[in-house]
1. Tell me the volume per residue, in Å³, of the convex hull enclosing the alpha carbons of region 49-204.
2. Pull up the cross-link candidates among the aspartates and glutamates for Lys349, meaning alpha carbon to alpha carbon under 15 Å and not fewer than 8 places away within one chain.
3. Structure shown: which of Lys287/Lys483; Lys299/Lys520; Lys287/Lys556; Lys390/Lys514 lie over 29 Å apart, alpha-carbon to alpha-carbon?
4. Hey, can you rank 66-76, 418-428, 400-410 by average C-beta count inside 10 Å, highest first?
5. Could you give the Stokes-Einstein D for region 510-568 in µm² per second, using the C-alpha Kirkwood radius, 20 °C, 1.002 mPa s?
6. Which order, highest average first, do 298-309, 351-362 follow once you tally other Cβ atoms within 10 Å for each residue and take the mean per peptide?
7. Determine which lysines satisfy two conditions relative to Lys373: a Cα distance under 17 Å, and not lying fewer than 8 residues away in the same chain.
8. Taking the C-alpha atoms of region 269-328, how large are the radius of gyration and the largest Cα-Cα span, Dmax, in Å?
Amino acid sequence: MTRHGLHRITRFRSGPRRKAIALGVVGGAVVAGLVATMMPLLASDELSIRATADTTATAVTQDGDNAVKSTLATCPVRCDGNPRGGREAVVEFAVTNVPAAAVNVRATLRMHTWQQFAATVTAHASTLSAREARPTPTSAGTALSTVTGVAKGVNEWDVSTLVTGNGTWTVSLAQTGLDTRIYWASVENRNPDLRPSLTITYDIGTAPSSAPTTRPAPAPSPSAPPTTTAPKPSPTVAPTRTPTATASAELPSGKCGSVSDKLVPSCGAWWGMYSPAGASGGWDHGKAITDVEAQVGRKFDIVHRYHDFSNAGSNGAFPDAYEQQQMREGRLMFFAWESRNFSAGTTLKWADVYSGRQDATIDAVAGRIRAAKVPVFMGFDHEPEDEPEKGSDAEFVRAWRYVHERFAKAGADNAVWVWTMMGWSGHYSRYAGLYPGDRYVDWVAYDPYNFHVCNNSTVWKSPSTTVSGFYRWLDENGIGAGKPRMLAEFGTNFNSADPGAKQRWFQDFPAALKAHPKIKAAIYFNSPGMTTRTATCDMTMNHNASALAGFSQAGKDPYLRQPTGGSR
């Protein structure tokens, strides 16, 4: 998810549900839907409200009436050679639609500028009037959040500590590190998409029924029966050997065909798939993959599955028979382990994990992973930044390390640990605090999507734009430096105004990976439950013939055809 394109899709919760609102905009209706292959889901309605007023606070008489200009300005006190030239952008929002029962209110301020600047800009709570022509700058109020390095386009600040619900909220932007003006689009800008906006999300403390507003952690339906029949070998591709490990390396170099003991290919990238099973197919998790493989004409290198802490059936007793068969046929497995019970609809807290109360389950899973005797990708609670009911960021780190250490104690050294984040720019300030440390992480993963109109956006993002935001942030902030990167989930909508756009998106995807060479694996999230299917929204890669043709062509690119593992 990129810095310039706000993305927010949240998951099912058994308690509160996340709901995104657009204040000042009529609508935002919740669409009901049930997905047979998964728990109920919907995309969040992530709309922006516009500022009610803004101005530039300044003592410079030549600035005139800033309340009616199409730009706002920020500048330090010494600005463009003027020792008394300081300017602050002041923006006011009227929040009226947050219900009384809302909890966990979160707010993101979005401001547009036209150039990149080596400046630091901090959002503050402000007592100034955004309706005055030239209010005099005052001492900055409480600092809310900071952008270090202003990006061309939209920049975002977390202002949740100020915007706690309904009311009139005023924010000022103060600049340091660059003594020349930065101009920002104001409410007078003729392009409404550039005007200052505020996005609000909140939880309602009731369980979702038939009309949820959030995306769940993908998993078999709670009604899915445990596996009782041994899966059949893949009818589409002959079994192949598992990857041969070379010397341990995080980003290995050498001739193509070698794979490190942390499952990093020496060149190119793995091509993977999440494709859910359903009742209509007898909950056959093997056929859910081989059917797609038959369509695209190749075997996937990685099969992604989501499991829970029930330690029972295909949901929790993994690797199950289907996964064991897939491993025998040469595919790599990625087990995304969620601290939930899918069938019961319950959620654990991270304290439940590191307290020792789940040791029997952790040790049982570790034993089965050890018994697999081949390296497997292992994740714990993907996208934890969207799990406020489970505990704090520090508690997530503690739980991650606890699980990792119990696996080590059990001798499950074949687990390759994948830390998976949303990668959303609204959470950039949290990722350092969510990182368990290099000792506990083997791969860094994130989940970028080109949602287009599925989340009420009008922006069509290219593959490169889709994957570049968090990739660049990781480079700039040194989190997981030297670690291989993975797209643990990715996907794209189609464009109803351009029928060939999705096919071209897939065809262009290998080039985007080549331009981001630290990405060593990409896994498509091929679920109809990613969002609500509509006439303009379908995130599955095979929803029509042209999309399938583009995806198949991408999978034939040599960059994604490893000579070891499952690819053919």
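1. 99
2. Asp308, Glu338, Asp359, Asp381, Glu383, Glu385, Asp386, Glu387, Glu389, Asp393, Glu395
3. Lys287/Lys483; Lys390/Lys514
4. Most protected by this proxy first, the peptides run 418-428, 66-76, 400-410.
5. D = 162 µm²/s.
6. Peptide ranking by packing, descending: 298-309, 351-362.
7. Within the straight-line limit of under 17 Å, Lys373 reaches these lysines: Lys262, Lys409.
8. So, for region 269-328, Rg and Dmax equal 11.8, 35 Å respectively.
Since every read-out is calculated from the coordinates, none of them should be taken as a lab result. What you see is a predicted model; the values in this text were computed from it and never measured. Quick reminder, even Gly has a Cβ in these numbers, built from the backbone with ideal geometry, and neighbours come from all protein chains shown.
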